[in-house]
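Participant: Sharing a structure with you now.
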4 protein chains.
Amino acid sequence: MLKITVWNENVHDRKDKKVMEIYPKGMHGAISDFLSELPDTEVKIATLDMPEHGLTQEVVDNTDVMLWWGHTAHGQVADEIVQRVYDACIRGMGLIFLHSGHDSKIFKKLMGTTGSLSWREMGENERLWVVSPGHPIAKGLGECIDLEHEETYGEFFDIPEPDELVFISWFKGGDVFRSGCCFKRGYGRIFYFRPGHETLPTYHHPDVQTVLRNAALWAAPSTKVDNVSCRHVMPREEIDVNCDDD
Amino acid sequence: MLKITVWNENVHDRKDKKVMEIYPKGMHGAISDFLSELPDTEVKIATLDMPEHGLTQEVVDNTDVMLWWGHTAHGQVADEIVQRVYDACIRGMGLIFLHSGHDSKIFKKLMGTTGSLSWREMGENERLWVVSPGHPIAKGLGECIDLEHEETYGEFFDIPEPDELVFISWFKGGDVFRSGCCFKRGYGRIFYFRPGHETLPTYHHPDVQTVLRNAALWAAPSTKVDNVSCRHVMPREEIDVNCDDD
Amino acid sequence: MLKITVWNENVHDRKDKKVMEIYPKGMHGAISDFLSELPDTEVKIATLDMPEHGLTQEVVDNTDVMLWWGHTAHGQVADEIVQRVYDACIRGMGLIFLHSGHDSKIFKKLMGTTGSLSWREMGENERLWVVSPGHPIAKGLGECIDLEHEETYGEFFDIPEPDELVFISWFKGGDVFRSGCCFKRGYGRIFYFRPGHETLPTYHHPDVQTVLRNAALWAAPSTKVDNVSCRHVMPREEIDVNCDDD
Amino acid sequence: MLKITVWNENVHDRKDKKVMEIYPKGMHGAISDFLSELPDTEVKIATLDMPEHGLTQEVVDNTDVMLWWGHTAHGQVADEIVQRVYDACIRGMGLIFLHSGHDSKIFKKLMGTTGSLSWREMGENERLWVVSPGHPIAKGLGECIDLEHEETYGEFFDIPEPDELVFISWFKGGDVFRSGCCFKRGYGRIFYFRPGHETLPTYHHPDVQTVLRNAALWAAPSTKVDNVSCRHVMPREEIDVNCDDD
């Protein structure tokens, strides 16, 4: 059983008419629906306005893969919850950051960089080219994903060199962007996926849904542990302690 | 002119007789001495007990490469100073973490991981094997560096997959460790170098000195910028804004 | 259905008494047996002395993951077969190189390096430390694999920086080695796994069997294609060809 | 003294009027001229029609960094010379592949992949975005290099995941490409740089010249060795050989 939690700040989704029309159940609702098509999977949702943002210790402990959509309310996410999600990732939980999640506290804490980028909102054409077509996250896709309208992000994107780069976006207005980036932290796997602007039907696009289903499988933990911390250990070989180091 | 700042918490160096005998000017003093052999280089020191830990904005702004030795007093480093050093690294300053620096606030903030590892203090033999002999940091070394006595660190070392791995340590008691690790964050280059236990004369070893001189040159910024943050940008191509995204 | 082909040069296995005692069905037989424990899997064997070394185009086309054990007869593998296996890997087939496979024609062709290393045969203790414990290939293992006796390999191992490093070996005699290395080439995934000397019962060790079962699953193709070659393509956007480049 | 050899197949340069107009001394002549601006540097040229393609053992042994421009005559480069250049790279010589060099024998031999890509020749606008602005190769550049007209290359580009990715190209017709890629092989550093179509004045562009001067410095060997091959070694520790492995 793969246990997925879709976290959404759920602010635009309740205030902005256009967003409400496109995503009547919120973006988290739309994302949950297509992730639920995965076999043997349980998908839950969590939002900013819930107690502990819906991310109690129990919820986090029972999550294999978390998706994170945030934008306008990054600053309202409590540091304690950020630490809890961070700890879970280090201990093995997969994390998929969506779109403006690049600027969330938890993304920056896991990357060790600012996550900054250039941007504009002009609804221009985006093409996500597959640069690692044998990667599990690219399974079932053609050579690129064509999104008629999206918000634009451009380089320099301040992230560590990704462990694996799966997508590079082309934007009509002249920009490129590393749009599908894999990282590992502790026992956990992390995927950043660029598109997903709230006023556009990106999460209804079949290729986007394929990517996120693939990413959930890829990010699912191989191994989870209770704790990652320093350990005092004894030698495995007999050694002469011939120096008075104490 | 390469401007280097050697930061040391300078606690053991003033309290522990053995450390005082081995490093009469403190470890920062010993390290400064051999870094000063680099041509066209200015080396300054900074310690925890100085105002702002010796790392005022002016000092940090005038540093190309910083070395960081900390161990027993990680928790006493002010968060404001950690943020200042972090910002400088993102903007291009090189950072070289020494030994127990793996557990410092600033290392963990830049890595996005816990930096945890296994350890014991039995003064056993360490050999650092060069696994990237063409790397600038390995210039002038043989196939391994042999340290008669050192503290032991063992895997799993919780760091992101290094961009480049230069050294792997062998310890007599049965452990291995990724001892020379390169990372990039923002415009800055980071090198972690494992050995350097305070009660042992590691920084007097000629190969260790060679590594740190090489590392200082390698970590020196190619480009420094004033600021790394999100930028709103206009398209470079004329585009029809045919969607009412606003 | 996962289709695995275990290739062995099968020379020591038929001539050397000690090898015959340890592996009465050959090393390929032993390896096939424990890979067959994977669900929904078909394991076939192929050896040097078969027509086309057992690797006809049909066999290769029907292989998802190939394991490769070679040592004394690397030079007898026909270049045509090497090219066929190479092509299959580029088109998506997984490849797992065992032990002295580091010196095979096909390994060097895929790496772009010499695959050279240092070695001795003294049956000393090897410990393979897990340095990426969240990796699928490390699933089910403890913090290290302890092999009482093995041949020794040492650094510098001339390979490209691995995409992911899973194991580092410690040898009693003072060496370390990057023993579990992941690479991607074309659509294919490649894993190099160090231990497996013919005169030692390494392939009977339960942890070694776990690693190779995990590696077979990890290397299984996400996507296979018929051909990877240059393609002449038309623009996706209308462009003014305002330069007389022809 | 940095010793550079610029190799050009020099076929278009002698036959095609447009190329002769743009590059009266051949592309190798133009490239040599701006590389000669580097301090303490000696630049030589070598072409296909010279004896041993101008790459005698003596020339290769006296080269620190080689640049490689080939396109229409890849098949005419003798395998013996390919092996010689390969060996030199493994032993520490830097190699910079230009444009259609992606399809040369020596590039494919060093990559372990097909080097294939998609392409069209329509002289469209290319922008090379800097995705690693702190990298030495990007020193002195703005956020992108704007080339009014270039041949187009598109993904999927069949190369191993680059050790460092410095440039990503945007093309007006809808494509992206990993245009500045760093690799290591043996002791040698390799840089692939995409633009440089023979009928266009790309090598007269100041930013392109900056990149190639930077790349020559970056690729210069830290360490050169006479030979990289397997070595039989003795243990550094006393070990009981308690198994009859012989």
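Participant: Which value in deg cm²/dmol, rounded to the nearest 500, describes the helix-derived mean residue ellipticity at 222 nm for chain B, given -39,500 (n - 2.57) per DSSP H run of n ≥ 4 and division by the residue count?
Facilitator: Helices in chain B give a 222 nm mean residue ellipticity of -6500 deg cm²/dmol.
Participant: Quick check: from the Cα gyration tensor, does the protein assembly as shown come out rounded (a/c under 1.5), prolate or oblate?
Facilitator: Rounded shape, in that the Cα axes give a/c under 1.5.
Participant: Any chance you could check the Cα centroid distance between the stretch A:79-122 and the stretch A:131-204 for me, in angstrom?
Facilitator: 15
Participant: Take chain A, connect every pair of alpha-carbon atoms lying under 10 Å apart with a spring to form a Gaussian network, then pick out the residue of A:Phe156, A:Phe191, A:Phe183 with the largest mean-square fluctuation.
Facilitator: In this elastic network of chain A, the residue with the biggest mean-square fluctuation among A:Phe156, A:Phe191, A:Phe183 is A:Phe156.
Participant: Follow-up question, since we're still on this one. Name the nearest-to-axis residue of chain B, judged by Cβ distance to the rotation axis taking chain B onto chain D, and quote that distance in whole Å.
Facilitator: Per the Cβ-to-axis criterion, the result reads B:Asp163, 4.
Participant: If you don't mind, there's one more thing I want to ask. Picking from C:Arg189, C:Arg91, C:Arg236, which is most flexible by a Gaussian network model of chain C using Cα springs under 10 Å?
Facilitator: Highest fluctuation of the listed residues: C:Arg236.
Participant: As an exercise, use a Förster radius of 51 Å and the Cβ-Cβ distance of A:Arg236 and D:Thr72 to find the FRET efficiency, rounded to the nearest 0.05. Let's see the in-between values first.
Facilitator: On the way: r = 60 Å, r/R0 = 1.18.
Efficiency computed from Cβ-Cβ geometry: 0.25.
Participant: Could I ask something else about it? Could you compute how much accessible surface C:Ser100 exposes when probed at 1.4 Å, giving the result in Å² to the nearest 10?
Facilitator: Surface accessible to solvent at C:Ser100 totals approximately 10 Å².
Participant: Tell me the carbon and sulfur percent of the accessible area for the stretch B:109-162, rounded to whole percent, probe radius 1.4 Å.
Facilitator: Answer for the stretch B:109-162: carbon and sulfur cover 49 percent of the accessible area.
Participant: Hey, what's the Cα Rg ratio for the stretch D:24-100 versus the globular rule of thumb, 2.2 N^0.38 Å?
Facilitator: After normalising by residue count via 2.2 N^0.38 Å, the value is 1.08.
Participant: Report, for A:Pro24, each distance to the same residue's label point in the other copies, shortest first and in nm; define the point 7 Å along Cα→Cβ.
Facilitator: Sorted ascending, the copy-to-copy spacings read 7.0, 7.3, 8.4 nm.
Participant: Can I ask one more? How much area per residue is accessible in chain B when the probe is 1.4 Å and only protein heavy atoms are counted (Å²)?
Facilitator: With the other protein chains kept in place, chain B gives 34 Å² per residue.
Participant: Which value, in square angstrom to the nearest 100, describes the accessible area buried between chains A and B on both sides, using a 1.4 angstrom probe?
Facilitator: For chain A against chain B, roughly 4500 Å² becomes buried.
Participant: Could you give me the ³J(HN,Hα) list for the stretch B:101-106, computed from phi with Karplus coefficients 6.51, -1.76, 1.60 and θ = phi - 60°, whole Hz, x at Gly and Pro?
Facilitator: For the stretch B:101-106, the Karplus-derived couplings read x, 4, 10, 6, 4, 6 Hz, x marking Gly and Pro.
Participant: Could you please put B:Glu150, D:Glu21, A:Glu42 in sequence from largest to smallest accessible area, using a 1.4 Å probe?
Facilitator: These residues rank, largest area first, as D:Glu21, A:Glu42, B:Glu150.
Participant: Take the Cα coordinates of the stretch B:123-246, assign each an equal point scatterer, and use the Debye formula without solvent to give log10 I(q)/I(0) at q = 0.11, 0.20, 0.22 Å⁻¹.
Facilitator: -0.49, -1.15, -1.31
Participant: Using the 7 Å Cα-to-Cβ label point, sort the distances from A:Cys230 to its equivalents in the other copies shortest first and give them in nm to one decimal.
Facilitator: For A:Cys230, the other copies' label points sit at 3.7, 4.3, 5.6 nm, shortest first.
Participant: Any chance you could give the angle, 0 to 90 degrees and rounded to 10, that helix A:206-219 forms with the longest Cα principal axis of chain A?
Facilitator: 10
Participant: Then there is this: Starting from the residue with the highest accessible area, list A:Thr63, D:Thr72 in decreasing order, probe 1.4 Å.
Facilitator: Descending accessible area places them as D:Thr72, A:Thr63.
Participant: Using a probe of 1.4 angstrom, how much of the accessible area of the stretch C:185-246 is carbon and sulfur, in percent?
Facilitator: Within the stretch C:185-246, the accessible surface is 46 percent carbon and sulfur.
Participant: Bin width 10 Å, alpha-carbon pairs only: give the P(r) of the stretch C:1-134 as whole percents, running from 0 to the bin holding the largest distance.
Facilitator: 11, 39, 37, 13, 0
Participant: Rounded, prolate or oblate: which one fits the stretch B:8-66, using the alpha carbon gyration tensor with axes a ≥ b ≥ c (rounded when a/c is under 1.5, else prolate when a/b beats b/c, else oblate)?
Facilitator: Oblate, since a/c reaches 1.5 and b/c is not below a/b.
Participant: Further question: Please list, ordered by chain and number, the residues whose modelled amide H lies under 5 Å from the amide H of A:Leu2; skip anything fewer than 5 residues away on the same chain.
Facilitator: Amide H neighbours of A:Leu2, under 5 Å, 5+ apart: A:Thr41, A:Glu42.
Participant: Here's another thing I want to ask about it. Dipole magnitude of the protein assembly as shown about its Cα centre, charges +1 at Lys/Arg Cβ and -1 at Asp/Glu Cβ only, in debye to the nearest 20?
Facilitator: 0
Participant: Can I ask one more? For A:Ser36, C:Ser116, give the ranking by accessible area with the largest first, probe 1.4 Å.
Facilitator: So, going from the largest accessible area down, we get A:Ser36, C:Ser116.
Participant: In addition: In nm to one decimal, list the spacings between the A:Pro201 label point and its equivalents in the other copies, with label points set 7 Å along Cα to Cβ, shortest first.
Facilitator: Output for A:Pro201: 4.9, 6.5, 7.6 nm, nearest copy listed first.
Participant: Okay, moving on. Among all the aspartates and glutamates, which ones have a C-alpha under 18 Å from C:Lys18's C-alpha, if same-chain residues fewer than 8 places away are not counted?
Facilitator: Straight-line reach from C:Lys18, under 18 Å: C:Glu9, C:Glu121, C:Glu124, C:Glu148, C:Glu150, C:Glu151, C:Glu198, D:Asp244, D:Asp245, D:Asp246.
Participant: Let me ask something else about it. Shape verdict for the stretch C:179-246, please, from the Cα gyration tensor: rounded (a/c under 1.5), prolate (a/b greater than b/c) or oblate. Kindly include the intermediate steps, with their values, before the conclusion.
Facilitator: Working: a/c = 5.04, a/b = 3.80, b/c = 1.32.
Because a/c hits 1.5 or more and a/b exceeds b/c, the stretch C:179-246 counts as prolate.
Participant: Still on this structure, please answer the following. Report, to two decimal places, the Cα Rg of chain D normalised by 2.2 N^0.38 Å (N = number of residues).
Facilitator: 1.09
The values are calculated or read from the model by the stated rules, or taken from the named source; none is laboratory data. Everything numeric in this text was worked out from a predicted model, so none of it was measured. FYI the Cβ positions are ideal-geometry reconstructions off the backbone, even for glycines, and counts take in every protein chain you see. Side chains included, ligands, DNA and RNA excluded: accessible areas come from the protein's heavy atoms. Shrake-Rupley method; radii C 1.70, N 1.55, O 1.52, S 1.80 Å.
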